[in-house]
Amino acid sequence: MAAIPADSPAPGPPPPSAHQQPRRRRPCAFLSFSAARDRFLRSRFLSAGLRPFSVRLPSPAGTTTVVHLWAPPRPSRRPVLLLHGFGASATWQWAPYLRSLLAAGLDPIVPDLLFFGASSSTLPDRSETFQARTIKAAMDGMGVRRFAVVGVSYGGFVAYRMAAMYPEAVERVVLVSSGVCLEEQDLAAGLFPVADVGEAAELLVPRRPAEVRRLVKLTFVRPPPVMPSIFLKDYINVMGSDHIQEKTELLHTLISDRKLSDLPKIRQPTLIIWGEQDQVFPMELAHRLERHLGDNSRLVVVKNAGHAANIEKSKEVCKIIVDYFEESDSSSSNGGRRCSCSDCGCGKF
C-alpha cells in the first residue's frame, strides 16, 4: 500500500512522495553468507509489520535524492525514528529492537541514511545538517510530523542536528555511543585510537579483511575469536562496497574543524547511553555531552560493553530505551514535571 503525505503544499516544489518499494535483488544467498543474513533480517522487519518505502525528495534540476526506509504502512501511534551508525544498512543494526518497541506501543521508522543501504543523493553536501534535513523531509513524506529520535554513533550526530533544527518536530532524543561533543583537536591529543581524520575514515570505512578485524576488536568488548577472511570479504562485497568515497567524505566533513563551541544546546529531554569500555568514543565524551546539555539530560552507562553496545548488549540497551519512553508517558500524565518524593518517589523524568 502506498503511503502519501497528508498535506499537499500549495504552489512551489512538489512535496516529497513515499511509495512502497519492492524488494531489492541480492546476490544468491546460497553463495553469500552476508546476502543470506541480509535476507533474513529483511524478513524480520516484514514479520514485525514494517514495509519498505522509497521516498524521492524534491531536488534541483539534474539531481536526485532518495531515502529508503522501513515503517508501518500507517504510523499512527508514537513514532520513533531510529538512525543507524556507520557499518551495514539499518536492518542489520535495528532488527533486535523492533518487537520490543512495537510491544511498548511505539512505531519504529527506520531509514537508511544517505549513502548507506538504498539511500543516495547526487548532491555534493556531506554535512550532518544535510542528512538531518533529508531525513526530516522523508518523515514529512510519510506524513509523520512529531516523533522521538534514537541515534547510534554517526546516527546520533544526525539525530542531535535534527533536534536542534526542528524542535517543533523532535519531542525526545536518545543518543547511543554518539560523540557529538568531539573536537578535531581531540584526535591529535590522543583521545581516540586514530590520530587524524584520514585514519578515522580508514577505520570506519574498511576495505580489507584486516581493517574489518581491527574495527570489530575496537568496537566489541568480546569480539569473535575467529573471523575468517572469506566471510569478511563477502561482507565487504555485499554490504560495504557501495559509496566508499561518499562515506569517507561524510567523515571528513563531520570531524574537520569541529569545535564544541559551535555545537548548539538542544532543549529536548535527552537520554545518553554509553558503553563503559567504548574505545571509539571514550567515556570522556559522554560526560562532556552530559555537561553540555545540563539538567535536561541523563547518562546511563552499560557495563561490559564497548562502542557497539547497541549490538553487543542489544537487549539491555533496548530495555533502557523502552523504559525511558515509558517514563516520558508518566511524566506527561504528571504535568511534565520531574517526579519527587512527594509525588511518586521515583526521582525520574
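Just a few scattered comments:
- Placed amide H near L299: partners under 5 Å, 5+ positions off or other chain: I272
- The residue list S89, V158, S76 was ranked by how far each Cα lies along the charge dipole of the range 73-230 toward its positive end, using unit charges on Cβ atoms, and S76 comes out on top.
- Over 31 Å (Cα to Cα) - which of K233/K265; K265/K313; K136/K233; K136/K303; K136/K217 fall in this group: K233/K265; K136/K233; K136/K303; K136/K217
- Within the range 151-191, chymotrypsin sites (Phe, Trp or Tyr not before Pro) in DSSP loop having at most 14 other beta-carbon neighbours inside 10 Å: none
- Taking all protein chains as shown and a probe of 1.4 angstrom, F130 keeps an accessible surface of around 20 Å².
- Percentage relative contact order, the chain, counting C-alpha pairs under 8 Å, at least six apart: 15
- P(r) for the range 208-263, from all Cα pairs and a bin width of 5 Å, is 4, 15, 18, 18, 16, 13, 8, 5, 1, 0 %, short bins first.
- The range 214-258, dipole about Cα centre (Lys/Arg Cβ +1, Asp/Glu Cβ -1), debye to the nearest 20: 340
- Candidates per GluC sites (Glu not before Pro) in the range 172-239, loop by DSSP, up to 15 other Cβ within 10 Å: E184
- Residues whose amide H lies under 5 Å from that of R78, counting only those 5 or more places away or on a different chain, are D107; hydrogens are built 1.01 Å from N in the peptide plane.
- Residue among S297, T253, P60 farthest towards the positive dipole end of the chain, charges placed on Cβ: P60
- Computed over protein heavy atoms with a 1.4 Å probe, the accessible surface of the chain works out to 45 Å² per residue.
- Assigned charges on the beta-carbon of Lys, Arg, Asp, Glu; the chain dipole about Cα centre (debye): 1160
- Mean residue ellipticity, 222 nm, helices only, the chain: the sum of -39500 (n - 2.57) across DSSP H runs of n ≥ 4, divided by residue count and rounded to 500, is -11500 deg cm²/dmol.
- A simple rule links phi to the HN-Hα coupling: the Karplus curve 6.51 cos²θ - 1.76 cosθ + 1.60 with θ = phi - 60°, which for the range 113-125 gives 5, 4, 6, 10, x, 9, 8, 7, 8, 8, 6, x, 5 Hz, with x for Gly and Pro.
- Set against the labelled values (i) 1.43; (ii) 1.21; (iii) 0.97, Cα Rg over 2.2 N^0.38 Å computed from this structure falls on (iii).
- The C-alpha radius of gyration of the range 130-192, expressed as a fraction of 2.2 N^0.38 Å, stands at 1.27.
- Sparse packing (at most 12 other Cβ atoms within 10 Å of the Cβ) combined with a DSSP loop state is found for the following trypsin sites (Lys or Arg not before Pro) in the range 121-163: R146.
The values are calculated or read from the model by the stated rules, or taken from the named source; none is laboratory data. Since we're looking at a predicted model, the values are computed, not measured. All Cβ positions, glycine included, derive from the backbone under ideal geometry; neighbour counts span all protein chains shown. Just so you know, the surface numbers come from the protein's heavy atoms only, side chains and all, with ligands and any DNA or RNA stripped out. Shrake-Rupley method; radii C 1.70, N 1.55, O 1.52, S 1.80 Å.
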